[in-house]
Amino acid sequence: MDAEGVHERTLSALALAQRVWPGPLVLRRIAGRLPHEPVALFGLRFPNVLGLAAGFDKDVRAVTGLAMLGFGHIEVGTLTPRPQAGNPRPRVFRLPADGALINRMGFPNGGVATAVSRLRTLKKSNFILGVSLGKQKETPLAAAATDYVSVMQAVYPYADYLAVNISSPNTPGLRDLQGGDYLGHLLGVLQVENAVLADRHGIGKRPLLVKIAPDLTWDELDEIITAVSDNQISGIIATNTTLSRDGLTHPNKKERGGMSGRPLRQRSNEIVAYIHRQTGGQLPIIGVGGVRTADDVRAKLDAGASLVQLYTGLIYEGPGMIGRILRKLGS
């Protein structure tokens, strides 16, 4: 079946199960026993180390159901100011022999207003909610900060943390925002708005994180670390999908887009370890890329990550993987 069609059916099933009995019971049985090993980070208390990366539930449709499966945090989005169709279909391709996925989605979502209508009614009790901020495809880089601020303003009262997505390879020019000049300006604008919104809503400033690409040189990564440090950003999410096709064998490797899954594991770990070394372990990192087992999670933690996210692994391993990984980590 078409990969994106399956994904849509999965989200619809989760959305139904989270609200109609006996759906919640079924989801909790799939999860199984979940060890209680909370992680304190960014002034937040994460129920466990494992989270769901942005892109799976773009429009906040199945957050509660995903939490029932065991995720300690769920990152929704990436959201843009207005609805956006994304790139033409087909745009998601499985590479089962490689344990990988290629997508060229292009931030399809119903717009931030649609997401906020769901965020308002979302009852959070046992998970942390992150929101991934993006820009409209047609917005020039010089005006990108306006888009990010617009989404930030809308979701601010509902998000526990905010992720600045500057690293998707499927929005033309977006990765240029990782350059020092663009990034420093963007992060400065967002931190000023962070203080304004915290005061307006009478709440603490939201942790701001930056999600980066795995295809950076070490010099480019050093520039990002400097910009993050100069603007007192709370952490880095490493990494997004890659343009590399090294080691792939499946015929779908010819498709354009970002590759995720098992072949990304080593590069993601290298970047996590590099950031950890360069910052003396003082900058929190969420490690993403190639996670399918408890050993994969441990490798990211050993490299210096404080939390770990997955996405593609869920597609290949199924919904019981979260509980299996958490129990193995706790054993």
Proxy exposure order for Glu220, Glu75 (fewest C-beta within 10 Å first) is Glu220, Glu75
So, relative contact order of segment 3-330 in percent, Cα under 8 Å, 6 or more apart, is 18 percent
Relative contact order in percent for segment 30-79 (Cα pairs under 8 Å, 6+ apart) equals 38 percent
Averaging 1/r across every pair of distinct alpha carbons in segment 277-318 and inverting yields a Kirkwood hydrodynamic radius, in angstrom, of 10.8 Å
Largest-first semi-axes in Å of the equivalent ellipsoid built from the Cα gyration tensor of segment 3-330 are 26, 23, 21
Counting only DSSP loop positions in segment 1-102, the trypsin sites (Lys or Arg not before Pro) whose Cβ has at most 16 other Cβ atoms within 10 Å are Arg19, Arg33
In debye to the nearest 20, the charge dipole size for the chain, taken about the Cα centre with +1 at each Lys and Arg Cβ and -1 at each Asp and Glu Cβ, equals 1360 debye
Around Leu95 (Cβ within 12 Å, Cβ-to-Cβ, excluding Leu95; K/R +1, D/E -1) the net charge comes to +3
Surrounding charge for Ala54, neighbours by C-beta under 13 angstrom, Lys/Arg +1, Asp/Glu -1, total -1
The answer for the per residue Cα convex hull volume of segment 1-124, in Å³, is 142 Å³
Against the 2.2 N^0.38 Å rule of thumb, the C-alpha Rg of segment 154-252 sits at a ratio of 1.23
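Every number here is computed from the coordinates shown, using simple stated rules; none is lab data. Because the structure is a prediction, the values reported are computed rather than measured. For neighbour counting, all protein chains shown are included, and Cβ atoms are generated from backbone atoms with ideal geometry for every residue, glycine included.
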